[in-house]
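Taking it in order: structure first as structure tokens, then the write-up.
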Amino acid sequence: MLQTLLTGFGAFGRVVSNPTERLVRHFEADPEAAKGHDLTCCVLPVSFQCAPDLLRAQIEIGGRGGRPFDVILMLGVASGSPHWRVERLGRNADAPLTDADGFTPPARAIVADAPNTLSVTLPTEPQFAAIAALGLPAAFSDTAGAYLCNHALFTTLHHLKTTGHPARAGFLHVPADEETFAPGITTAPQFPFAQHVAALHAVLAALRQQTQP
Ligand code: PCA
């Protein structure tokens, strides 16, 4: 059984209901949903000040019985995306974009004296293939944006690297679903939440095959 940390984000900006929060809650409520994974589920606030600390704390606490995580799969909504985006890189750069706390970070490196990019350590091809096999649009991505998702991804990859923690970490950006925005305010692509659930099922199954400890 893999010890797996599954994270999503809460609401921010025009995203009144983040599908990744609902996905994490959905899988948390049904422990059988992710066969082969002992899931620890965590919904993060869209907060530059809180999210990285919460992630680091959860990684140090570990999964069931304090066992170290084998897999860290982070989810975020890419609200204008027509694809499920399998992220390949975290970038060491913030942009002055305001978070849900009203905080705006300066445009600068996230971690001074760290590399410009860090590669995710979960295998990406099986995630892509799992989503595509459902007939859903999947894409690889070399930028997780310049907002909280990238910030959380980069700080987590950096933390794992500098502490020598064995967990493998990755990030999946999902498109909007029918509840993401208030009605009528956007023409962004939207997919039924049931497809989000199916995609995450498939990705977790693929990761189980690829990452047995
Ligand atoms: N998406 C945002 C932050 C939280 C989320 O779900 C992003 O792509 O950075």
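Things worth noting here:
- When restricted to Cα atoms, the range 1-77 yields an Rg and a Dmax of 12.5, 38 Å, respectively.
- Segment residue 98-residue 179, length gained on full extension (0.36 nm per residue, minus Cα span): 26.9 nm
- Label-point separation in nm, residue 50 to residue 142, each point 7 Å along Cα→Cβ: 3.5 nm
- Values of log10 I(q)/I(0) for the range 54-178 across q = 0.11, 0.12 Å⁻¹ run -0.40, -0.47, by the Debye formula with one identical scatterer at each alpha carbon and no solvent.
- Share of pairwise Cα separations in the range 82-143, more than 19 Å, in percent: 49 percent
- Computed over neighbours whose Cβ is under 13 Å from that of residue 109, the net charge equals 0, Lys and Arg +1, Asp and Glu -1.
- Paramagnetic reach from residue 116 (point 7 Å along Cα→Cβ, amide N under 14 Å) across the range 135-164: 143
- DSSP beta bridge pairing in the chain, given as percent antiparallel to the nearest 5: 25 percent
- Once divided by 2.2 N^0.38 Å, the Cα radius of gyration of the chain becomes 0.94.
- If you model the range 9-124 as an ellipsoid using its alpha carbon gyration tensor, with each semi-axis the square root of five times an eigenvalue, the axes come out at 25, 19, 15 Å, biggest first.
Each reported figure results from applying straightforward, stated rules to the coordinates on display, with no laboratory input. Predicted model, so just to flag it, every value in this text is computed and none were measured. When we count neighbours, we look across all protein chains shown, and the Cβ atoms used for this are built from the backbone with ideal geometry, even at glycine.
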